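Student: Have a look at this one before I ask anything.
The values are calculated or read from the model by the stated rules, or taken from the named source; none is laboratory data. Model, not experiment: these values are computed from the prediction. A quick note on method: Cβ atoms are made from the backbone with ideal geometry, for glycine too, and the neighbour counts reach across all protein chains shown. With ligands, DNA and RNA removed, areas are computed over all heavy atoms of the protein, side chains included. Shrake-Rupley method; radii C 1.70, N 1.55, O 1.52, S 1.80 Å.
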Amino acid sequence: MTKRMVLPTLSAAAIAYALWLALDSSPDVFQGDFVRIMYVHVPSSWLAFLAFGVTALGSALWLWRKTIVWDRIAEASAEIGVIFTALAILTGAIWGEPVWGTYWDWGDARMASTALMLFVYLGYLALRRATPDPVARAKRSSILGLIAVVQVPLVYFSVSFWRTLHQGMTVRPDGIQMDGSMVAALLGGLAAFTLLYLALMVERVRLARIEDANTLSDGVAAGTAITAPDLDGIS
Amino acid sequence: MANLGLVAHFPCAPGVEFRVSSSARTDRRLSRTVNSSLVSLRGVGVRFGPTPVLTGIDLDLAHGEAIGVTGPNGAGKSTLLGVISTLLAPNEGSLELFGGPVQRRDLPQMRRNIGMSAHETGLYPELTLLENLQLVERLTGEVVMSAMQALEVVGLAGAAHRRSSATSAGMQRRTDLARLIMTRPQLILLDEAHAALDADARDIVDRLIHRTCEAGGGAVVVSHDRSVLARSLERIVEIRAGGLT
Amino acid sequence: MSGRSGFWTQALAIAKRDLLIESRGGEVFGVVLPFAAVAVFVVPLATDALATRLDQLAYPVYWLVGLLFGLQVALRQTGTETMIQRRTLALLGIDPAARFAGRSLAAALLMTGVMVAIAPLIVLFYDPRAIPAIGPSLLAVVGFAIGLSMLSTLAGDVTVGLRTRSSLAPLIVAPISVPLLIGASQTFESLILDRSTMAPALLLTVTVLSLAVTGVLTAPALEDATT
C-alpha cells in the first residue's frame, strides 16, 4: 500500500466499523429504527462545523503568513464543508418526515440556520470562482472566511435560543441523555467522518497543488505578447 | 496661463542633500544623506496569475531626482508604478522607500508621502472640482495650501463650482494635479501625466516635478512616448518584456 | 495648517462625502425607495388579498423589504467607489477602518430613512393588528440598519472590481444578515406582545458589535486585497 492510500483506507475501514455500530445499536424508544439516520446526520453536521472552522483557521493563517498552502486548505475545507452541510440537511429532512411528520419546519431554528450556513459558504466558493488572480482570490476569500465562521456558533447555539421541534442538545452539562450502544455508534460515526474529512482534505489539497502547477505559464513576460503592427495591412 | 513660468528643460540634481523642511509638513520630511535613495528596488518581480509582468527590476531613485520610464504597451510601466506606490506588493524582490523597507505598520505614513496621478483621475462625478479637493483637505488635514488656492494655481478657479462630471478630461487632470500641488508629497508618481493636457497644463506637470525635486523629493514619470519624457527629464529608462533596459 | 486628521474626522468626512453624493444623485430616495414601495405594494397582489391575513404579513414584509432594499442602498452604483478612487484614498494614508466606519455610517443613515419611509406604507396596505411603540421600534430599525450597512460595506469591499459584484455581494450578505433580521423582527414582536425584548435586543446588539469589530479589524487587509 502506498503512503497515499493509508488515510483513505483507514477512513474506509472506520466508516465500515461505524456503519456496523450504527446497525448494531439499540433502536430508540419512540423513533424505533429511524433513529439510525442520526449516525449519519450528526457526524455530517459535526464535519461541517469542523470544516468551516478549518476554513477560518486557514484564512487567518494565510493572512498572517501569506503562504499559499493555507489558502488551499481553506478552499478544500470549504468545499468539503458545503457537501457535508448539504448531506446534513438532506439526512435531517429524511429523518424529520417519519419522526416529526414533515421534511422541513420553518419553526426549527437549527434547520434554518444550517441551511443559511450552506448559503454563506456557497457565497464563499462563488467569490473564489469570481476572482481570477490567485493572490487576490486568497486575500478576499480569507477575509470572507473569517467573517463567515460566525455562522458556526450561531447554528450550534440557536437551539438554546428558540424552542423548536428539533432535538435539544443531547450532550448537556448535566450528562449525556442516550443509551450506551447509541453513544458508541454516535462516537464511532464522529471518528469515522473525521478520518474521512482528513482523507478528503489531503487529496483535495494535493489536487489544488497540481492545478496550480498546471497553470504556470512558460515564463514569458506579458509584454512580449504585443508586437509591431503590420501597417501595410491597413487598406 | 497659470502663473508658473515656462520650464522647457531642467536638470534635477541627483543625490541632493537637504535639511528638514520648515513647511507645515515638517513631521513628514526625513533628513537624508547623499547615500540614501528615495526609492530602491532590488530584483523586483510581479506576476498576475501565472504570467510574469515584471522580472528582476533593479532601480534606484535618489533624492532630488526625476526619472522617466518608457516602453511599449503592456511592458509593465504602470505595474512598476503600482509597486513603487506600495499598492501592489511584488512577488519577488524588495522595495525600499525613503531609505527604509516598506512595512505594513508604516504604510499609512509612507503613503502620505507618495502622490500618484494617472490618466483616470478618480474624481467623484457628483461633486464639484472644489468639493473634490476639499474632501482631500478634510481627509488628510495636511496640506500646504487650501483647495481653492490649488485650483487657482492650476488655472481652474473659474470652474471650481462645476461638477466634475461636467468638466472635460483635461480639466479633471488639472484638478488631479491640483491635489498633488495641495498635498505636496515627497515622491510623485505620474502615469501618462501629459496625456489629454494642453501646453499650459503640461507646464504644470513639469513645474510640479521640478519643485518636488528641488525640495529633495523625487518623481517617476511614465509615458509610452519617449519624446514627451525627453523634453524635461535627463534620465529615462525603458521597460521591455518585463525588464529594465 | 491643521495637523493630520484623526479617525473620526476621516470617518465623518467619508460619510459626508457619501451623503453629499446621494443628495446630488438621488439614487436612494429617487430610485431605491420607490422600488421598495412598489415591492410592498405588489406582495398582496401575489396572494388572494381577500382570503390572506395580510395583517400577519405586515412585519415580515417590512423586514424583508428592509433587508433586500437596504442591500440595494449599500451597494448602489453611485455609492460604489471605483478602484482608482480607492487607490487615491489609500495613497492619502486614510485609515481604512475610518473609511469603513464612514461608509457604514452614511449607508445606515440612508437605510434608516428608507425604512422609516416604508413604515407608513406597511400600515396602509397591510393594516397590522398592532403597532409597536415608536421609540423602541425606531431603535430596532436603527440597530438593524447599522448592522446591515456594516455587513453590506464589507461585502461590497470584498467584491469590489469583480464583474459579478452586483449578484455576488447580496448572496454574501443575505444569509449572514439573518441574526440581524431575527433580532430586529423579534424585538418588534416582543414589543407588540408586551414580552421582554432583552433576548432579541441582545442578539441584535451583539451582532452589530461583532460586525463593527470585524469591519475595523479586517479593513487594512481588505484595503491590501482590493486596491
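Student: Looking at chain B, what % of its DSSP beta bridges pair antiparallel, to the nearest 5?
Tutor: 55 percent
Student: Shifting gears a bit: Quick query: amide H of B:Ala219 versus all other amide H atoms, modeled in the peptide plane; which residues come in under 5 Å with a sequence gap of 5 or more or a different chain?
Tutor: Long-range HN contacts for B:Ala219: B:Glu65, B:Ala66, B:Ile67, B:Ile188.
Student: Next up: Given a Förster distance of 41 angstrom, what is the FRET efficiency for C:Arg163 paired with C:Phe7, based on the Cβ-Cβ distance and rounded to 0.05?
Tutor: Numbers: r = 33 Å, r/R0 = 0.81.
Here the calculated transfer efficiency is 0.80.
Student: With a 1.4 Å probe and all protein chains left in place, how much of the accessible area of the protein assembly as shown comes from carbon and sulfur atoms, in whole percent?
Tutor: Within the protein assembly as shown, the accessible surface is 63 percent carbon and sulfur.
Student: Heavy-atom accessible area per residue, the range B:118-245, 1.4 Å probe: how many Å²?
Tutor: Working: 4330 Å² over 128 residues.
I get 34 Å² per residue for the range B:118-245.
Student: While we're here: Where the convex hull is taken over the Cα atoms of the protein assembly as shown, what is its projected area averaged over directions, in nm²? Could the numbers behind the result be given before it?
Tutor: Values: hull surface 158.1 nm².
With the hull built on Cα positions only, its mean projection is 39.5 nm².
Student: Could I ask something else about it? Got a sec? Which residues of the range B:217-245 lose 20 Å² or more of accessible surface with every protein chain in place, vs. that chain alone, 1.4 Å probe?
Tutor: Those residues are B:Ala241.
Student: For the range A:24-101, calculate the relative contact order in percent as a whole number, restricting contacts to Cα pairs under 8 Å that are 6 or more residues apart.
Tutor: 39 percent
Student: Assigning unit charges at the beta carbon (Lys, Arg +1; Asp, Glu -1) and nothing else, what dipole magnitude in debye, to the nearest 20, does chain B show about its Cα centre?
Tutor: 360 debye
Student: Which of the aspartates and glutamates could be linked to B:Lys77 by a straight reach, that is with a Cα gap under 15 Å, when you skip same-chain ones fewer than 8 residues away?
Tutor: Result set, ordered by chain and number: B:Asp58, B:Asp191, B:Glu192, B:Asp225, B:Glu238.
Student: Let me ask another. Put +1 on the Cβ of every Lys and Arg and -1 on every Asp and Glu Cβ in chain C; which of C:Gln56, C:Ala101, C:Leu168 then has its Cα farthest towards the positive end of the dipole?
Tutor: Sorting the options by dipole projection puts first C:Ala101.
Student: Name the most mobile residue of B:Gly74, B:Gly155, B:Gly49, meaning the one with the largest mean-square fluctuation, in a Gaussian network model of chain B with Cα contacts below 10 Å.
Tutor: B:Gly49
Student: Please list the radius of gyration and Dmax for the range C:1-127, considering alpha-carbon atoms only, with Å as the unit.
Tutor: 18.5, 68
Student: Now for a separate question. Taking K and R as +1 and D and E as -1, what net charge do the other residues with C-beta under 15 Å from the C-beta of A:Tyr39 add up to?
Tutor: Combined, the nearby Lys, Arg, Asp and Glu give -3.
Student: Keeping all protein chains in place, calculate the accessible area per residue for chain C (probe 1.4 angstrom), answer in Å².
Tutor: On the way: 9500 Å² over 227 residues.
Per residue, chain C has 42 Å² of solvent-accessible surface.
Student: Using a/c under 1.5 as the rounded threshold, could you call the range A:1-158 rounded, prolate or oblate? The axes a ≥ b ≥ c are square roots of the C-alpha gyration tensor eigenvalues, and prolate needs a/b larger than b/c, oblate otherwise. Could you put the intermediate results ahead of the total?
Tutor: Values: a/c = 2.94, a/b = 1.49, b/c = 1.98.
Cα axes put the range A:1-158 in the oblate bin.
Student: Of A:Val135, A:Met201, C:Gly70, which is farthest towards the positive pole of the protein assembly as shown's charge dipole, taken about the Cα centre with +1 and -1 on the beta-carbons of Lys, Arg and Asp, Glu respectively?
Tutor: So the residue we want is A:Val135.
Student: Of all the Cα-Cα pairs you can form in the range C:122-161, what percent are over 12 Å apart?
Tutor: 69 percent
Student: Connecting C-alpha atoms closer than 10 Å in a GNM of chain C, tell me which of C:Ala58, C:Ala46, C:Ala90 has the biggest fluctuation.
Tutor: Of C:Ala58, C:Ala46, C:Ala90, the most mobile in the Gaussian network model is C:Ala46.
Student: Ok, one more. Which parts of the range C:128-160, residue by residue, lose 30 Å² or more of accessible area when the rest of the protein chains are there, as against the chain isolated (1.4 Å probe)?
Tutor: SASA drop of 30 Å² or more in the range C:128-160: C:Val158.
Student: Enter the buried accessible area of the A/B pair, total of both sides, probe 1.4 Å, in Å² rounded to the nearest 100.
Tutor: Details: alone 13780 and 11220 Å², together 24160 Å².
In total, this chain pair buries about 800 Å².
Student: Mind checking the dipole of the protein assembly as shown: about its Cα centre, +1 per Lys or Arg Cβ, -1 per Asp or Glu Cβ, Debye to the nearest 20? It would help to have the intermediate numbers written out before the result.
Tutor: Details: 57 positive and 56 negative charges, 230 e Å.
It comes to approximately 1100 debye.
Student: Under 10 Å, Cα contacts only: if you run a Gaussian network model on chain C, which one of C:Ile134, C:Ile146, C:Ile182 comes out with the highest mean-square fluctuation?
Tutor: Between C:Ile134, C:Ile146, C:Ile182, it is C:Ile134 that shows the largest mean-square fluctuation.
Student: Over the Cα atoms, compute the radius of gyration (one decimal) and Dmax (the largest Cα-Cα distance, rounded to a whole number) for the range B:167-245, in Å.
Tutor: Values for the range B:167-245 (Cα only, Rg and Dmax): 12.9, 39 Å.
Student: Considering all alpha-carbon pairs of the range B:73-225, what whole percent are spaced by more than 18 angstrom?
Tutor: Numbers: 6780 of 11628 pairs.
Here the long-distance tail beyond 18 Å is 58 percent of all Cα pairs in the range B:73-225.
Student: Next question. What trypsin sites (Lys or Arg not before Pro) in the range A:1-70 are in a loop by DSSP, with at most 13 other Cβ atoms within 10 Å of the Cβ?
Tutor: none
Student: On to the next question. For a distance above 15 Å, tell me the whole-number percent of Cα pairs in the range A:26-90 that qualify.
Tutor: 57 percent
Student: Am I reading the B/C interface right? What is its buried accessible area, both sides, 1.4 Å probe, to the nearest 100 Å²?
Tutor: Counting protein atoms only, the buried area is about 2800 Å².
Student: Still on this structure: How big is the charge dipole of the range C:1-84 about its Cα centre, in debye rounded to the nearest 20, if each Lys and Arg gets +1 on its Cβ and each Asp and Glu gets -1 on its Cβ?
Tutor: Approximately 340 debye in magnitude.
Student: Projected onto the charge dipole of the protein assembly as shown (+1 at Lys/Arg Cβ, -1 at Asp/Glu Cβ, origin at the Cα centre), which of A:Tyr39, B:Gln134, C:Gly215 gives the Cα projection farthest towards the positive end?
Tutor: Sorting the options by dipole projection puts first B:Gln134.
Student: Further question on the same structure: Take peptide C:24-37, look around each residue's Cβ out to 10 angstrom, count Cβ atoms belonging to other protein chains, and average those counts.
Tutor: 1
Student: Let me ask something additional. If you filter the range C:41-104 for trypsin sites (Lys or Arg not before Pro), then keep DSSP loop positions with at most 12 other Cβ within 10 Å, what is left? The partial results should precede the final answer.
Tutor: Values: sites: C:Arg53, C:Arg76, C:Arg86, C:Arg87, C:Arg99, C:Arg103; in loops: C:Arg53, C:Arg76.
Within the range C:41-104, the qualifying trypsin sites (Lys or Arg not before Pro) (loop, at most 12 other Cβ atoms within 10 Å) are C:Arg53.
Student: Just for the protein assembly as shown, what percent of DSSP beta bridges are antiparallel, to the closest 5?
Tutor: Approximately 55 percent, going by the DSSP bridge assignments.
Student: Roughly how tilted is helix C:33-42, in degrees to the nearest 10 and between 0 and 90, from the longest Cα axis of chain C?
Tutor: Its long axis makes an angle of about 30 degrees.
Student: If you don't mind, another one. With a/c under 1.5 counting as rounded, go ahead and sort the range C:100-200 into rounded, prolate or oblate using the C-alpha gyration tensor (a ≥ b ≥ c being the square roots of the eigenvalues; past the cut-off, prolate if a/b is larger than b/c, else oblate). Before the final figure, lay out the partial values.
Tutor: On the way: a/c = 2.19, a/b = 1.96, b/c = 1.12.
Judged from the Cα gyration tensor, the range C:100-200 comes out prolate (a/c at least 1.5, a/b above b/c).
Student: So for the pair A:Ser26, A:Met1, with labels modelled 7 Å out along Cα→Cβ, what separation do we get in nm?
Tutor: A separation of 3.4 nm, rounded to one decimal place.
Student: Given just the C-alpha atoms of the range B:31-139, how large is their convex hull per residue in cubic angstrom?
Tutor: 153 Å³
Student: Across 10 Å bins from 0, what is the distribution of all Cα-Cα pair distances for the range C:39-188, in whole percents?
Tutor: Percent of Cα pairs in each bin: 11, 37, 31, 15, 5, 1, 0.
Student: On a 0 to 90° scale, report how tilted helix B:199-214 is relative to the longest principal axis of chain B, with both axes built from alpha carbons and the result rounded to the nearest 10.
Tutor: Helix B:199-214 sits roughly 60 degrees off the main axis of chain B.
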